[in-house]
1. I'm trying to understand the selection: among the residues of the stretch B:47-60, which are part of a helix (DSSP H, G or I) and more than 7 Å from chain A (Cβ to nearest Cβ)?
2. Residues that are without any contact (Cβ under 8 Å) to a residue 60 or more places away in the chain and of a type in the set (S, T, N, Q): does the stretch A:105-123 have at least one?
3. Could you please let me know if B:I58 is surrounded by 10 or more Cβ atoms within 10 Å (Cβ to Cβ), at pLDDT below 80 and not small (G, A, S)?
4. Just one of A:S140, A:S125, A:S71, A:S136 is more than 19 Å from B:E36 (Cβ to Cβ), modelled with pLDDT of 90 or more and of a type in the set (S, T, N, Q); which is it?
5. Are there any pairs, at least 6 apart or on different chains, whose C-beta atoms fall under 8 Å, with the first in the stretch A:33-57 and more than 15 Å from B:A61 (Cβ to Cβ) and the second in a loop (DSSP other than H, G, I, E, B), and if so, which?
6. Regarding the stretch B:61-75, can at least one residue be identified that is of a type in the set (S, T, Y), modelled with pLDDT under 70 and part of a helix (DSSP H, G or I)?
7. Would the stretch A:12-19 turn up any residue that is farther than 13 Å from B:A54 by Cβ, loosely packed, with under 15 Cβ neighbours inside 10 Å and within 10 Å of chain B (Cβ to nearest Cβ)?
Amino acid sequence: MQKAFYEQFAPKMFAVCFRYTSNQEAAQDLLQDGFIKVFKNLHRFRFEGSLEGWIRRIFVNTAIEQFRKKSLPQTSIGEKHMDVADEDDITALERLAEKDILKMIHELAPGYQAVFNLYVVEGYSHKEISELLGISEGTSKSQLARAKGILAKRVKEYLNETNKIRRTI
Amino acid sequence: MSESLRNKLQQAEMNPPAGSWEAIAAAINETPLNKEQEIGQRIAQFELTPPVLAWESIEAALQENNKQPGKVISIRPWYYAAAAVAIAVLGIWLFRSNFSKTSAIFAEQKKLTAPIFQPLTSAINQAIEKNPFQISSVQKYVPVRAAVTVQPEMIAVSNPDDNTEDLELPSSDISSIEKVTADEVAEINAPLIKDSKGNIIYDTDLLKQSIKGNYISVTAPDGSTTRISTKFLHQLNYLHTSSTNGPAHPLMWGKNGIWQWQFDRWKKTILYNQEFNPGATNFLDALELLELLNEAQ
């Protein structure tokens, strides 16, 4: 019964875990922690919204808990001086395949990764993000801007590379 | 402005020009914010195949997790509470046991010493003050020879490895002690021995005892008999032997050990407070005492 449940939701939840972590092992650990929480709290689900949405919230909250435990917002400071591209360039992500997008988010520094995921994917406001991660609203905004800039830059580089390869072929 | 005019203006409606919505919708779709939302929604739907062994580890963790609540919530607090109660009870019991034992020993010690030695010493001293060398005049206060029925286990109490020096009491030869009963009349078999200050020296010959059931009858010089428990036989026997070395504190010796310590203390007090301490049955001591008496005269 539990395994069937797991098999139904594992692929989507593993994608969530992958987005909030920096390596495969950490993603697997998060998957495990998330499913344990889901199974322990399944009786609390009130059938008021979608089950998938409820499970996703648990996974996101678990990821945030782990992020806060590690106190990682500062880790993004290392990328502070990177060139920040124009925000509009993030739309270029649309041109990438799922796996490539996930990989790029996965490779972001944890601070940028968390803010980007929470704002862009989960739809939280900066105020909510600041409360969730224990950072200021301003930090949340600047982290998001830098995350977008890094992603845009990498997408651009990636597209340039693929274009070059196509031309040579 | 009248109220009716204000209401009119607030409720007024006007159709927008044709094509307004299309323009607005196109503008909304073009905004980066909207694009971001689209990308976000798309990313949210992504799927990724988890590792093959992921379920096994989750299953194992779930089984472990199911065992933990019992330990954490119910067993541990009870375990610690029970342990704390057990330690507290044991501690109180040990304290009370030791305290009552010690109290009982010293209470019995008081009972034992008071009737025998104190009246004896004061009575003899008074008699000697009247006539120091007329022993016959204080006959009824003079100590009687000890009569101890010696049992093998009593003798075994004395420590053969004892190295104590200069602590021998005026001793009686246990094997030569004659057996008498508590009802027998006291007799004078030895001269009175006193120290330089004129106080009568404690003499084991003061003791006259007979064993009846669980009690020993000890007769004082004035003929009065006191019954004490046979459990003090070891201590009586100890008076005839040298002291033994025990642990650092008397409470560590047990009941007999405390008595032994107490008798040892008395013995030392007696020995150190007198210049000469002759034994009542030692012929050489008797001669030396005679010399001393002659010198005094």
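The values are calculated or read from the model by the stated rules, or taken from the named source; none is laboratory data. Since the model is a prediction, treat every value here as computed from it, not as a measurement. Heads up, the Cβs are rebuilt from the backbone with ideal geometry, glycines too, and the neighbour counts pull from every protein chain shown.
1. Listed by number, the residues that qualify are B:E56, B:E59, B:A60.
2. No, the stretch A:105-123 has no match at all.
3. Against the criterion (surrounded by 10 or more Cβ atoms within 10 Å (Cβ to Cβ), at pLDDT below 80 and not small (G, A, S)), B:I58 does not qualify.
4. On inspection, the qualifying residue turns out to be A:S136.
5. A:L51/A:F45; A:W54/A:F45
6. Checked the stretch B:61-75: at least one residue is of a type in the set (S, T, Y), modelled with pLDDT under 70 and part of a helix (DSSP H, G or I).
7. The answer is no, given that none of the residues of the stretch A:12-19 is farther than 13 Å from B:A54 by Cβ, loosely packed, with under 15 Cβ neighbours inside 10 Å and within 10 Å of chain B (Cβ to nearest Cβ).
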